[in-house]
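The values are calculated or read from the model by the stated rules, or taken from the named source; none is laboratory data. Keep in mind that what you see is a predicted model, and the values were worked out from it rather than measured. Here the Cβ is made from the backbone with ideal geometry for all residues, glycine too, and neighbour counts use every protein chain on show.
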Amino acid sequence: MTDVPRLLVLSAYDAGSHARWRKTLMSGVEDWTWQALTLPPRYFRWRIRGNPLSWLNEASLDEHWDLVVATSMVDLATLRGLHPRLAGTPAVLYFHENQFAYPGSDRQHASIDPAMVNLYAALSADRLVFNSDWNRRSFLAGVEQLLQRLPDAVPTGIIDRLGEKASILPVPLETDVFRPHDAVPDFSRPHVLWNHRWEYDKGPEVLLAFVEHLKGLKQPFRLSVVGEGFRRCPAPLTRLREAHSDVIHHWGFIPEVEDYRRLLAQADLVLSTAWHDFQGLSVQEAMAAGCLPWVPDRLAYPEYVPNGFRYPAVEDAIAQGQVAAENLVSALAHWRAAPPAVPDISGVAASALLPRYRSLFDSLLR
């Protein structure tokens, strides 16, 4: 190993949280030498299967590195085969999500390829790091289910082998995300924030049912719908904006970070209606700014959101929205009498997590 460790970060689908994660690591462990190779977050199927080809002529892959840190979108096994020097370099595989537990969509072509990339990369890596225990558990369960479906010649011990090298380290929240809440919570007419990607896996149909049922229960509220949108807006969000503009406080993506965080500091509750959330970074960010969480009792949420801030999880979208609304009305009545404190989320602060990342990386340097 050189005197100053050299780390190569590989992010094959450099979406918002992925880019945020690698930048926080690179700036937080600044006395090491870092280089990042990234690919833009589009053409998902091509990205996850084709990144070794896209990077085939990248000279940096044939240089000396002390450690490789790759996201689970990276086809690490193929890369290590194409670039033999990488095969002898310790590698950490970071799971922002896993393809075994990602919900399907009618707009996607069904394929086992993304899950197989995850599996081969995990077998190739020296250490596996997940952003939540839910992510880890659902990955191992998905691998086990896949292995049971394969026709023959399946080796034993794969689940134990993967589990033994797995650990949990969430995506860190930057220090300036943690700030005093601007407003006294209004539990009579709460300001509800929904700050997620405008895609099917975040449950926009549940949000629409929640709004309609909450209005039917005569509960006053204001709603801010923010988060990244794409060319095709989900139909439930279009319907929500058209039919319920009377409760909308803010609508649409906020490009300026300070403007976005100002809105977080003004909201009373952060709502999740997600079918998929492996960490829930947007919920954690809002909690750090002083918002009370209101989330389904599933996924990664029980790992950091206490009882009393979770509503029962059901599988039907309309029923899920109704359950979320009915339970919130009941919770608001209790909160008006005894305002609760925002659950502590300081454990995911960069100041708490970066030393743990550094300790992990140190343990692999040769």
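Each residue in the range 56-90 was checked for being surrounded by fewer than 20 Cβ atoms within 10 Å (Cβ to Cβ) and closer than 20 Å to residue 19 by Cα, and 2 pass. Evaluating residue 179 against the criteria (1) part of a loop (DSSP other than H, G, I, E, B); (2) closer than 23 Å to residue 67 by Cα; (3) of a type in the set (Lys, Arg) leaves one unmet condition, (2). Look at the range 101-130: where a residue is crowded, with 18+ Cβ neighbours inside 10 Å and a partner is among the small types (Gly, Ala, Ser) and modelled with pLDDT of 75 or more, sitting 6+ places away or on another chain with Cβ atoms under 6 Å, you get 118/72; 121/77; 124/77; 125/91; 128/122; 128/166; 129/167. Looking for whichever is within 20 Å of residue 197 (Cβ to Cβ) and either more than 21 Å from the chain's Cα centre (by Cα) or of a type outside the set (Asp, Glu) (or both) here; the options are 293, 302, 306. Which one fits? None of the other options fit; the residue is 293. The set of residues in the range 353-365 being part of a helix (DSSP H, G or I) and in contact (Cβ under 8 Å) with a residue 40 or more places away in the chain consists of 353, 354, 356, 357, 358, 360, 361, 364.
Taking the numbered list (1) out of contact with any strand residue (DSSP E or B) (no Cβ under 9 Å at 6 or more places or on another chain); (2) modelled with pLDDT of 95 or more in turn, residue 265 passes all entries but (2).
Within the range 6-31, the set of residues being within 20 Å of residue 58 (Cβ to Cβ) and over 18 Å from the mean Cα position of the chain (by Cα) comprises 6, 7, 8, 9, 26.
For the range 5-53, the tally of residues that are among the small types (Gly, Ala, Ser) and over 18 Å from residue 177 (Cα atoms) stands at 5. For the structure I just gave you, tell me whether residue 111 is farther than 16 Å from residue 70 by Cβ and assigned to a loop (DSSP other than H, G, I, E, B). Judged against the criteria, residue 111 is a match. Considering 186, 152, the condition of being over 17 Å from residue 263 (Cβ atoms) and of a type in the set (Asp, Glu) is satisfied by 152 alone.
The residues of the range 154-213 that are of a type in the set (Ser, Thr, Tyr), more than 25 Å from residue 23 (Cβ to Cβ), touching a residue at least 40 places away in the same chain (Cβ under 8 Å) and surrounded by fewer than 18 Cβ atoms within 10 Å (Cβ to Cβ) amount to a single one, 188. Summed over the range 32-43, residues that are within 21 Å of the chain's Cα centre (by Cα) and surrounded by 14 or more Cβ atoms within 10 Å (Cβ to Cβ) total 5.
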